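Single-structure report; data block below.
Each reported figure results from applying straightforward, stated rules to the coordinates on display, with no laboratory input. Since the structure is predicted, the reported quantities are computational estimates derived from the model, not experimental observations. Methodologically, a virtual Cβ is constructed for each residue, glycine included, from the backbone with ideal geometry; neighbour enumeration extends over all protein chains shown.
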Amino acid sequence: MRHILTALSVCLACALPAVVRADPARIQFATEVFFDNGSARLSSDAVSILDQVAGKSRELSPELIMAIGHTDALPGEALAQRLSVRRAEAVKTYLADKGVERIRIYTEGKGKRMPVADSDTREGRARNNRVEVQLVAPTTAPSEP
């Protein structure tokens, strides 16, 4: 049975489009988790935030949780991409360990393509080394008149 569920998870994960965009009106909760330069290790602050995300997930029952990883501009393009994916996957693993269904967690790495701050400063790099986490509401059927 476990092999069947694993295969199903892999098949469904493969079926996801390359880019998932949430309708801003459907985002129920959003936060960011920050990482040290060059690291995908969750800090105690990150764990505290992810514990809140797991709690919100139980409370809100989102259709999807998006974890989008980012890096600062220092690493090369290929390294930045791998690191951003590892960061998003670290968030997914933690949330799954807290009881969130893995299949509901979409991860993507953006590398250094979407900075929110200038990577020329230490503060800017710290803001860019992040994973954006969004809980997306289920779609609601239109109400009948």
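Site pair residue 74 and residue 93 shows an inter-label distance of 2.2 nm when each label is modelled 7 Å from Cα along Cα→Cβ.
For the range 64-118, trypsin sites (Lys or Arg not before Pro) meeting the loop criterion (DSSP other than H, G, I, E, B) and having at most 15 other Cβ atoms within 10 Å: 98, 113. Note on residue 37 and residue 102: their simple-model spin labels are 3.4 nm apart, each label 7 Å out from Cα toward Cβ.
The H on the amide N of residue 27, modeled in the peptide plane, is under 5 Å from the matching H of 137, each at least 5 residues off or on a different chain. With Rh defined as the Kirkwood radius, the inverse of the mean 1/r over Cα pairs, the Rg/Rh of the range 45-101 is 1.06. Full extension of the chain between residue 23 and residue 45 gives 5.1 nm of extra length, using 0.36 nm per residue less the Cα-Cα distance. Which FRET efficiency value, to the nearest 0.05, do you get for residue 52 and residue 116 by plugging their Cβ-Cβ distance into 1/(1 + (r/R0)^6) with R0 = 30 Å? My answer for the efficiency is 0.90.
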